[in-house]
Structures are given as structure tokens and as C-alpha cells.
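Novice: This structure is in C-alpha cells; I'll ask about it shortly.
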């Protein structure tokens with residue numbers, strides 16, 4: 001438990017402008033090339049009649065989206081999204097550096113409008129989610145009274161503040177809990193200083209804006 005805590009702490013301390021630049025680059029790529037409809041088809045489906053039927057459905061989807069794309073850039077997006085979902089191939093290897101830079105222009109403008117603090121907050125929450133997941137797992141495996149479970153979690157080495165926050169209410173998600181715990185724990189710096197009377201809400205909103213749409217963590 002101590003090793004997991006220290007690793008999360010280390011990742012938080014290493015979060016800086018350079019690491020946030022990598023997060024921004026990952027977000028731009030996801031907004032531009034990650035086709036959620038193709039992602040859904042790239043996962044195993046239990047309702048498919050056969051592998052051949054599955055392949056035919058994917059092919060029909062590709063043709064449908066390709067026909068609906070009225071511009072050359074839109075058709076390139078469709079092809080890149082499909083191949084990324086199917087093969088995991090980076091857009092640059094499919095389209096070349098010049099075309100890729102052209103296609104990400106719109107997403108770059110969107111990302112440049114987001115606050116630097118939001119990127120920092122979202123990454124801090126992301127770094128601590130593995131610890132929150134472990135706490136929730138240990139709590140589920142306990143199956144005892146709240147008082148006994150409280151003592152059990154503490155005996156396992158969980159952070160006392162985290163345990164106290166865990167028992168405040170029934171949490172809707174580990175993300176919500178993590179934001180509340182980090183706000184109670186303190187020690188979260190700001191890259192651009194400002195007054196913030198509700199840090200937990202700020203963390204939740206930042207995570208939702210930056211990573212709430214399935215954008216992967218970029219260490």
C-alpha cells in the first residue's frame with residue numbers, strides 16, 4: 001500500500017509544463033482521430049452471428065461514413081479513425097506528417113482555449129485514481145460494519161484522510177471520491193495562482209473538461 005501511495009505522490013510531483021504538453025498533444029490526437037463508433041466495433045461483440053457477419057458490419061459502417069463525408073479532409077478523418085481503431089496505427093504513419101498537422105488544426109484551437117490549471121488538476125486526479133481504486137476494492141472485500149471496516153482500512157495502511165472521506169457518503173464514482181479526498185488532503189499547487197473556495201468542484205470540473213471524454217492518460 002505504501003508503495004502505491006508513494007508512486008502516486010511521485011507522479012503528482014513530476015507533473016509539470018512538459019508533461020502537460022504531452023497531455024495536450026494526446027488530447028489533440030484523440031479529438032481529431034479517435035472515432036468512437038469504430039472503437040465500439042473494434043471490441044468483441046457477443047451478438048455477432050459470425051466473424052464474417054462482424055467483418056461485413058464493419059465494412060458497411062466504413063462505406064456509410066465514407067459516403068457521408070463530403071470533403072476530402074472528412075474522408076481522410078474517416079480512414080484514419082478506422083485504421084486507428086482496427087490496427088492501432090498512429091495517424092502520422094497513415095497520412096504523413098504534413099497532412100496530420102493540417103487535420104489537427106481545429107482540435108489544436110479547441111485545446112489551446114483550455115486553462116493550463118485544468119490540465120494540471122486533471123492529471124493530478126488521474127495519477128491518484130489507482131490508489132482510490134485500491135481503496136474501493138479493499139472496502140468491498142471487507143464486508144463488515146462501517147466501524148470495523150474503517151479500522152480495517154486503516155490497518156491496511158490506507159491514508160487516514162482518504163478513509164475519513166470514504167465514509168462521508170455513498171460515492172457515485174471513484175473520480176468524485178478522489179477529487180473530494182485530494183481537496184481535503186491539500187497540497188495541490190496551481191500553475192497559475194487564483195482563489196479557489198471549492199477545490200473539490202474545481203478538480204471535478206477540470207477532469208471532466210480534459211479527460212472526461214475518454215482521452216487516455218499520458219504519463
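The values are calculated or read from the model by the stated rules, or taken from the named source; none is laboratory data. All of these numbers come straight from a predicted model, not from anything done at the bench. Cβ placement follows ideal geometry from the backbone for every residue including glycine, while neighbour counts extend to all protein chains displayed.
Novice: I'd like the residue in the stretch 61-89 that is free of Cβ contacts under 8 Å to residues at least 40 places away in the same chain, within 22 Å of the chain's Cα centre (by Cα) and on the phi < 0 side of the Ramachandran plot and, out of all such residues, is surrounded by the most Cβ atoms within 10 Å (Cβ to Cβ).
Specialist: Checking each candidate, the answer is 83.
Novice: Looking at this structure, is residue 128 buried (at least 19 other Cβ atoms within 10 Å of the Cβ) and modelled with pLDDT under 80?
Specialist: no
Novice: Could I ask something else about it? Of the residues 148, 202, which is in contact with a helix residue (DSSP H, G or I) (Cβ under 8 Å, 6 or more places away or on another chain), buried (at least 16 other Cβ atoms within 10 Å of the Cβ) and either under 18 Å from residue 8 (Cβ atoms) or at pLDDT 80 or above (or both)?
Specialist: Sole residue among the options that is in contact with a helix residue (DSSP H, G or I) (Cβ under 8 Å, 6 or more places away or on another chain), buried (at least 16 other Cβ atoms within 10 Å of the Cβ) and either under 18 Å from residue 8 (Cβ atoms) or at pLDDT 80 or above (or both): 202.
Novice: Between a residue in the stretch 12-26 that is farther than 18 Å from residue 188 by Cα and any residue that is surrounded by 16 or more Cβ atoms within 10 Å (Cβ to Cβ) and at pLDDT below 80, which pairs come within a Cβ distance under 7 Å, given they are 6 or more apart or on different chains?
Specialist: Within 7 Å, the pairs are 22/218; 23/218; 26/215; 26/218.
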